[in-house]
Amino acid sequence: MDTYNSDFEKDIYRFWEENDLFKPEVNKDGKPFSMVIPPPNVTGALHIGHALNQTLQDIFARYKRMCGYSVLWLPGTDHAGIATQTMVERDLAKKGIKKEEIGRDAFIEKVWEWKNTYGNRIIDQIKRLGASCDFSRLRFTMDEGLSRAVRKAFVELYNAGYIYKGEYIINWCPSCHTALSDLEVEYEEENSKLYYLKYFLENSDVFLVVATTRPETLFGDTAVAVNPKDERYKHLVGKKVVLPLVNKLIEIIEDEYVDMSFGSGVVKITPAHDVNDFEVGKRHNLDIIIAIDDYGKMTHNAPGLEGVDRFEARKITIEKLKEANLIYKIEDYVHSVGHCYRCGTVIEPYISKQWFVKTKDLAKKAIEVVENGSIKFIPKHWEKTYFEWMYNIKDWCISRQIWWGHRIPAYTCKQCGEVFVSENPIDKCPKCSGKLIPETDVLDTWFSSALWPFSTLGWPDNTEDLKKFYPTSLLLTGFDIIFFWVARMIMMGMFFMNDVPFKDVYIHALVRDKFGQKMSKTKGNVIDPLDVIEKYGADSLRFTLAILAAQGRDIKLSYDQIESYRRFMNKIWNAYRFIEMNTKDFQPAVNTNAYSSASLWIKSRLSKAIEQVRQSLDDYKFNEAADSIYQFVWHEFCDYYIEMSKAHIGKDEFSDEVKGTLLEVFEQLLRLLHPFVPFISEFLWQKLPNKSAKSIMIAKYPHSQEFATQIEEEFECLIELIKAMRILRSENTIAATKKLSFYFRPINEFAKNIIEKYQKYVLLLANAKEISIIKTDVPKSFIQPTKYGDIFLEAGQNIDVEGEILRLKKVIEKAQVSIDFLNKRLRNQEFISKAPKQLIEKSKKELQEAILIKENAKKRIEQLQSVL
RNA sequence: GGGCGCAUAGCUCAGCUGGAAGAGCACCUGCCUUACAAGCAGGGGGUCGUAGGUUCAAGUCCUGCUGCGCCCA
């Protein structure tokens with residue numbers, strides 16, 4: 001093994017799978033910890049957002065598993081009604097087949113074929129990331145069990161009065177040819193025109209100016225409206241105007257809804273094609289005239305335009321209005337237009353019979369459980385977003401006019417017209433024995449997703465899994481689906497299980513490109529996680545995502561960052577190589593009582609790192625956890641302990657002890673690392689002589705220990721002195737390879753003891769020939785003052801006196817800043833009386849140290865100047 | 001229009017309950033020192049968006065303002 005290469009990842013994953021390590025049964029007796037995966041679309045391909053989501057969940061799954069929990073992380077996919085149907089339709093279209101030609105059943109069969117062929121793609125991709133989901137429990141929203149759960153849920157909600165069918169104006173996508181819920185409409189600001197049309201008063205050549213962005217809808221106008229407070233039009237209310245082009249009379253009504261400042265203050269009312277107008281229409285009992293059909297084409301109500309597309313119809317209408325001199329003026333106008341979230345088509349408000357979930361009461365409980373802390377959002381501020389939506393929740397349109405999905409389990413009697421719902425198919429009317437016609441609409445995919453936390457565990461059966469793992473412990477997802485999914489799961493969980501679906505909800509950020517732009521295929525700025533895995537390995541990607549996952553901020557990701565954390569993988573790899581090289585023929589001693597100081601120190605530092613990582617993970621601070629490990633591994637274990645170990649190995653009585661400690665600490669830090677970088681940690685762990693289990697996955701997560709603070713104080717001094725020596729070398733541009741002689745003038749016994757006690761480490765890490773303790777100055781030398789005393793380096797003949805003076809002046813300057821700051825603080829009577837004692841003492845000590853450094857540097861400058 | 005978030009080193013960002021500003025990348029200097037040049041050692045660089053307030057002490061708490069982003073209507 002020479003250099004790091006992530007090729008082993010696939011083998012490692014296979015090893016885990018073959019040993020069945022992803023099942024909760026590996027810790028049968030542990031306390032349950034459960035998560036359900038936010039089910040990706042079965043048509044989907046893994047994108048970087050999934051990668052982040054999966055990585056963070058896997059970190060938790062592995063962490064909790066190693067802590068002894070019986071971890072169930074349940075995977076699955078959702079059937080993504082519209083998306084999947086569209087995709088298969090497109091496939092068929094290539095072969096020249098329309099779905100209507102083959103019929104509903106045959107089409108659905110085609111979709112299943114497609115699903116069975118390609119539906120596991122995203123699951124396989126998730127595996128590449130190292131996800132430790134229990135794939136034996138893999139679920140799909142359309143599978144048998146979940147479909148049963150959906151039917152049961154529908155029937156129960158219906159019977160409890162929470163589902164109703166009615167004719168309402170809904171968001172309609174003329175392209176997908178289905179109703180959409182409010183959430184599935186995306187609004188975009190668009191540059192458009194505002195048309196001011198002339199509506200003449202009946203039998204008059206006086207006209208009202210009516211402003212509209214959609215002149216083509218005038219064919220559906222059944223009134224014009226003014227605000228009751230609007231003095232300009234008060235006298236006209238109740239009179240009639242002539243509808244342009246149609247030449248029909250419609251009434252002038254008054255309604256609060258009208259904004260007096262919009263246009264001329266007179267608006268046309270088109271109940272069939274505008275949500276607000278629909279409400280106005282209801283209040284005033286207006287006729288409803290449908291001018292645009294379900295394919296977005298004009299109806300017979302638009303004379304001469306029947307069958308013309310709505311946008312084409314707009315142009316023609318304008319031309320006609322112009323010809324008839326019915327346009328008062330046209331202005332540029334910016335307004336927001338709703339689009340279908342799936343296909344981008346402009347939404348057409350449309351009146352039709354749809355099924356709705358009555359949400360107000362369901363929301364009440366869902367609000368309560370967040371208010372009372374039964375469910376916690378992390379970061380907490382997302383609770384506000386949640387409440388905001390929940391307080392203003394609208395009924396949820398759940399029917400979709402497509403074929404792929406859960407068919408609504410409702411039946412209408414052909415004879416008596418009665419509607420029945422039933423979990424199991426029925427064909428005879430229970431009332432009149434007439435023939436029952438099954439509902440053709442299917443349910444919104446999110447309806448089945450809302451049941452996910454319990455339907456996947458076996459509900460409606462009271463299975464062992466359901467008993468053990470519901471409520472789930474943690475839901476980890478993106479903020480974009482708080483309304484779509486999180487809120488609805490809470491409502492459904494409360495209704496069906498009478499308990500929350502999860503206790504903690506961690507909301508993670510969006511992954512953007514390095515310019516902060518949303519990644520999208522059209523922009524061409526996507527970072528494909530599978531690409532990254534190919535190039536850098538899943539571990540590098542995971543570690544990068546984890547260390548960037550600070551709460552409440554989006555992640556700007558670039559290849560540079562991934563590259564830099566790949567270097568970290570390489571560093572770990574090489575640390576292992578060093579250890580392996582040096583412990584080849586070494587058998588760990590059973591009981592080592594005598595430890596070298598370096599070993600005591602690194603174990604103390606490791607303990608601190610463990611503590612920090614555990615604490616950070618418990619607080620969902622992935623970035624802090626990852627950073628703590630990074631700092632420890634690189635800048636303590638590698639930079640210092642491994643270097644210091646070279647002073648012992650093969651050189652003194654601690655040789656074996658140090659080898660043992662290298663293995664011991666490295667073994668622990670692999671376990672510490674495992675949740676973040678599962679592959680390399682497992683791969684290297686398998687090679688260790690001191691591994692404790694079949695797999696690192698089921699080894700225990702390390703615990704911290706208490707160590708005397710003394711060892712850390714000693715090493716703090718030691719490291720500062722080593723650094724001082726390195727500064728002298730570097731500032732005087734002396735090659736790292738040249739062995740030097742240093743002198744140390746300690747300020748006290750403690751400092752003197754450190755240099756003596758740890759001479760071995762000093763010599764090695766500063767690459768020194770010798771280090772002598774002295775009491776006086778060393779003339780003709782470079783000096784580096786520290787708070788523990790001065791370090792000298794003999795300058796030989798060619799000392800650059802001026803350069804050295806300049807350098808020392810900087811030292812003085814720095815010390816002076818400290819002195820001024822601390823003096824100011826300590827002379828402040830209020831500080832002395834109010835600040836904590838510890839801080840006062842610390843400040844006094846620091847002041848003394850700064851003064852000492854300054855004085856010594858000053859003296860040296862004077863000396864040097866006398867030489868000049 | 002309502003709500004939320006962000007503004008800290010050239011870039012990307014940490015900074016918990018307030019006690020002298022940190023990391024990674026980039027940059028400069030010197031090194032192929034026998035784990036690692038995907039590396040080692042050292043260095044420069046910030047009046048923490050702005051104006052006030054609370055406090056002995058404010059990047060950190062409060063208020064106004066400016067700029068950017070997101071969500072909802």
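The values are calculated or read from the model by the stated rules, or taken from the named source; none is laboratory data. Small disclaimer: the values here were computed from a predicted structure and weren't measured. With ideal geometry, Cβ positions are generated from the backbone for all residues, glycine too; neighbour counts draw on all protein chains shown. Remember, those area values only see protein heavy atoms, side chains included, never the ligands or the DNA or RNA. Shrake-Rupley method; radii C 1.70, N 1.55, O 1.52, S 1.80 Å.
So here's what we get for this one:
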item	result
Contact order normalised by residue count of chain A, Cα under 8 Å, 6+ apart, percent	12 percent
Distance (nanometres) between label positions extended 7 Å along Cα→Cβ at residue A:420 and residue A:769	10.4 nm
All aspartates and glutamates inside 12 Å of residue A:115 as judged from Cα atoms, apart from same-chain residues fewer than 8 positions distant	A:78, A:143
Mean Kyte hydropathy of -1.0 or more with a Cα span along the axis of at least 18 Å, helices from DSSP in chain A	A:48-66, A:81-94, A:144-159, A:559-583, A:597-618, A:655-673, A:709-731, A:801-827, A:837-867
Charge tally in the Cβ shell below 13 Å around residue A:499, where Lys, Arg are +1 and Asp, Glu are -1, residue A:499 excluded	+2
GluC sites (Glu not before Pro) within the range A:660-708, DSSP loop, no more than 15 other Cβ atoms inside 10 Å	A:706
Sequence-distant residues sharing a close amide H with residue A:377 (under 5 Å, placed H)	A:505
3J(HN,Hα) from dihedral phi, the range A:256-266, Karplus parametrisation 6.51/-1.76/1.60, rounded to Hz, x for glycine, proline	3, 4, 5, 8, 5, 8, 7, x, 9, x, 10
Protection-proxy order for peptides A:757-767, A:106-116, each taking the mean of Cβ atoms within 10 Å per residue, highest first	A:757-767, A:106-116
Gap separating the Cα centres of the range A:700-771 and the range A:331-393, nearest whole Å	61 Å
Neighbourhood net charge (13 Å Cβ-Cβ; Lys/Arg +1, Asp/Glu -1) for residue A:742	+4
About the Cα centre, charge dipole magnitude for chain A (Lys/Arg +1, Asp/Glu -1 at Cβ), debye	1520 debye
Reachable aspartates and glutamates from residue A:23, criterion Cα separation under 18 angstrom, eight or more residues apart if same chain	A:58, A:124, A:134, A:464, A:465, A:682
Under 5 Å, built H, 5+ apart or other chain: amide partners of residue A:328	A:196, A:197, A:198
For the range A:226-295 and the range A:424-445, distance of Cα centres in Å	40 Å
Burial ranking of peptide ranges A:78-84, A:501-507 (average Cβ count within 10 Å, highest at the top)	A:78-84, A:501-507
Share, in percent, of DSSP beta bridges within chain A that are antiparallel, nearest 5	70 percent
Largest to smallest accessible area among A:2, A:134 [probe 1.4 Å]	A:2, A:134
Two-site label geometry, residue A:587 and residue A:389: point separation in nm, points 7 Å out along Cα→Cβ	6.3 nm
Protein accessible area in chain A, 1.4 Å probe - carbon and sulfur %	48 percent
For residue A:744, residues with placed amide H under 5 Å, excluding near neighbours	A:772, A:773, A:774, A:792
Given A:659/A:738; A:360/A:468; A:646/A:760, the pairs whose alpha carbons are separated by over 19 Å	A:659/A:738; A:360/A:468
Distance between the range A:452-494 and the range A:780-824 - C-alpha centres, whole angstrom	65 Å
Within chain A, helix-based [θ] at 222 nm, where runs of 4 or more DSSP H residues each add -39,500 (n - 2.57), nearest 500	-13000 deg cm²/dmol
Hz values of 3J(HN,Hα) by residue in the range A:760-770 - Karplus curve (6.51, -1.76, 1.60), Gly and Pro given as x	3, 5, 4, 4, 6, 6, 9, 6, 10, 6, 7
Loop-resident sites, the range A:246-282, for GluC sites (Glu not before Pro), counting at most 13 other Cβ within 10 Å (DSSP)	A:256
